[in-house]
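Worksheet: the structure to be examined is printed underneath.
The values are calculated or read from the model by the stated rules, or taken from the named source; none is laboratory data. Being a predicted model, the structure only gives us computed values, none of them experimental. For neighbour counting, all protein chains shown are included, and Cβ atoms are generated from backbone atoms with ideal geometry for every residue, glycine included. Ligands, DNA and RNA are stripped out before the accessible areas are found, and what is left, the full protein with its side chains, is counted by its heavy atoms. Shrake-Rupley method; radii C 1.70, N 1.55, O 1.52, S 1.80 Å.
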Amino acid sequence: EQNDRKRIPCPLDPKHTVYEDQLQKHLKKCNSREKPKPVYFVQDINAGLKDVAEIPEKQVPLSSLSIKELQNLIIKLKRASNGLELHLKEQILSHQALQEALNDPKNGESAFKHLKQQASILGNMEKLHLLGPGRCFVEFGAGRGKLSHWVDVALENVESVQFLLVERATTRFKVDGKHKRRDSVFERLQVDIQHLCLNKVPILEKKKLPVVGIGKHLCGAATDLALRCLVESYTTCCDGEDEGPAPKRCRAAQREVAPHKSAGNESTTEDHKPVAGIVIALCCHHKCDWTHYVGRDFFKSVGLGPVEFHYFQRMSSWATCGMQETTSKASTSEDREDQTNGTEEHEQMLSRTESGSDTLQGILSVEERKELGCLCKRLIDHGRVEYLQQQGYRAALQYYTEPAVSLENVLLTAVPNPAFIPEPTI
């Protein structure tokens, strides 16, 4: 009788089957069923572009462009990059919290590279006075939570510290449950950054702590979603306005308004600044998305649009062409240690067709491609810096580690303009 029962694909996930006569019972407990949305889930709150008409149609790959079209793109890239600060300063720092681990011979080469990056990120945070009491550290793309772990170690004698670890994937081998400090509060938010409303996270709703946004190798569009999550949706909500994009202010207006605080705004600007700082190690520019990109206004201001953005994000992968072996080894080991979803999140090498390498043979040398790829990365990153500046932040890009440690070695930092920086609460 058991053999006569019919099995059918599960309508929620056809990768597994279920007895037809038990379908309704199965649907109630299937792991693929839609889970209740957490209170901090707000559909597309950080998504960005709402005007569908501006979203470009599917573009042809680089390999399908003619030589003339490619040359025109390169001319546009160089013209738009003219006058930008392309040679970033080095801010390769370290932090005492990681010295013991850095000197431990048990750590292999891969672990040592991660530790050097984490130490430099903490060193840069310390330089910006972001490692202090009365803060909530939000790690975007947290994975196993290693960066938050080291921030916690660095703050061992500091009180009133909270950690929120944002990761959309289910994570194995987490380290945030193994901390020695009893007064550190770690909470995981399993949600896509695109839908995260920090203002609705209970601990922030209750304590109203200044937030420090951090991330190590925050992939492509996730950086833009995180920036908008912090400086638009969260800041606006904390200011008591409706959820939605914060109004843009020119830099001159910011300088004028900052010193003259109205009585009604004193508690917001003096006692509590929603975002105390941002420190994010950037990566995977070829996975950026015009829809989510925060620097669209900058691109338009230099005569560029969604079509150019599409090709520049693809061309950004040229920055590591000619280094494939190094990248492959480094990214594979990094993937084993930090990634959580079983796929290569920080893959620098696109397919030969996508990157257009076949078409480019004989047109551009490896060095020329590398230079153009770096230009694309800096142009995309400059749009992010301008966005933060327009939102009232002092933003900067710097090299935080050597290329031998990580080819993705640029750190984006931002703190409120001096008039807006809050005094840490003791």
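Using a probe radius of 1.4 angstrom, the carbon and sulfur fraction of the accessible surface of segment 77-143 is 47%.
Label separation (Asp44 vs His87): 4.5 nm, computed from points 7 Å beyond Cα along the C-beta direction. Highest average first, the peptides 197-207, 86-96, 283-293 ordered by how many other beta carbon atoms sit within 10 Å of their residues are 283-293, 197-207, 86-96.
Pairs from the table (Lys216/Lys377; Lys89/Lys370; Lys28/Lys50; Lys50/Lys76; Lys50/Lys216) lying more than 23 angstrom apart at Cα are Lys28/Lys50; Lys50/Lys76; Lys50/Lys216. Here segment 150-172 and segment 22-43 have alpha carbon centers that stand 28 Å from each other.
Residues of segment 68-173: accessible area per residue at 1.4 Å, in Å²?
Numbers: 5380 Å² over 106 residues.
For segment 68-173, the per-residue accessible area is 51 Å².
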